[in-house]
Structures are given as C-alpha cells and as structure tokens.
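Here the structure is laid out as structure tokens; the discussion comes afterwards.
The values are calculated or read from the model by the stated rules, or taken from the named source; none is laboratory data. Every value quoted in this text rests on a predicted model; they were computed, and no experiment measured them. Here the Cβ positions follow ideal geometry from the backbone for every residue, glycine too, while neighbour counts run over all protein chains shown.
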Amino acid sequence: MDATTNNNASRRIGRDIDNLVAYFGQFAHELLADQYGKKIWAIYQRGKLRYQQLEREDGIDKAARWRSESGTPPPKRVVIADDRMTADLPPSM
C-alpha cells in the first residue's frame, strides 16, 4: 500500500498495528496500554518515520524480555530483515 495516495492508509495501518499489539499483548500486557498505531502515523505525517524510530521512543532504547516455553536461550545475534533483502541469499554481514 502506498500511504501517500491511499485515503484509507491511516485506518488500514492503524488496524494492522492494533492487531499486532493485540497478539503480542497477550504475552507482554504492558503493550496494551499504548496507542502505537496513532503514534506511528503521526510520525509518518510529520515526514519523520524511519525504521530505526520504531525501536526507540522519546530517545530511549526499548528492550524486550526473551520468553521461551522450552527454555531456549535468546539468539546471540538478530538480523533485521526488510524489503531490500532477497529470499535466496543470506544477508550481507
């Protein structure tokens, strides 16, 4: 979806983010107390949305607790995938 030309972009993005928050909120209840969709849309409207901003809020790094039902330790390394990555080649390191 191209948010610059779609009149329903705000509602659709808000709906998708609300769905994600509802799912992950089952495991991290503190997520349910915020309105991420509205915040992200407001940042987009100001022309300031960058993917790194989704990891930070008010200049403070966010962290997530690792939870594994099987007791698996957290990964030593996480690679963020985006639309520039191809499916048939490993990411450049």
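Residues of the range 45-62 being surrounded by 12 or more Cβ atoms within 10 Å (Cβ to Cβ) and modelled with pLDDT of 60 or more, which ones?
Hit for the range 45-62 is L49, nothing else.
Evaluate the following for A42: is it exposed (fewer than 12 other Cβ atoms within 10 Å of the Cβ), in a helix (DSSP H, G or I) and at pLDDT 85 or above?
no
Of everything in the range 6-36 that's assigned to a helix (DSSP H, G or I) and in contact (Cβ under 8 Å) with a residue 24 or more places away in the chain, which residue is farthest from E69 (Cα to Cα)?
Residue satisfying both the conditions and the ranking: S10.
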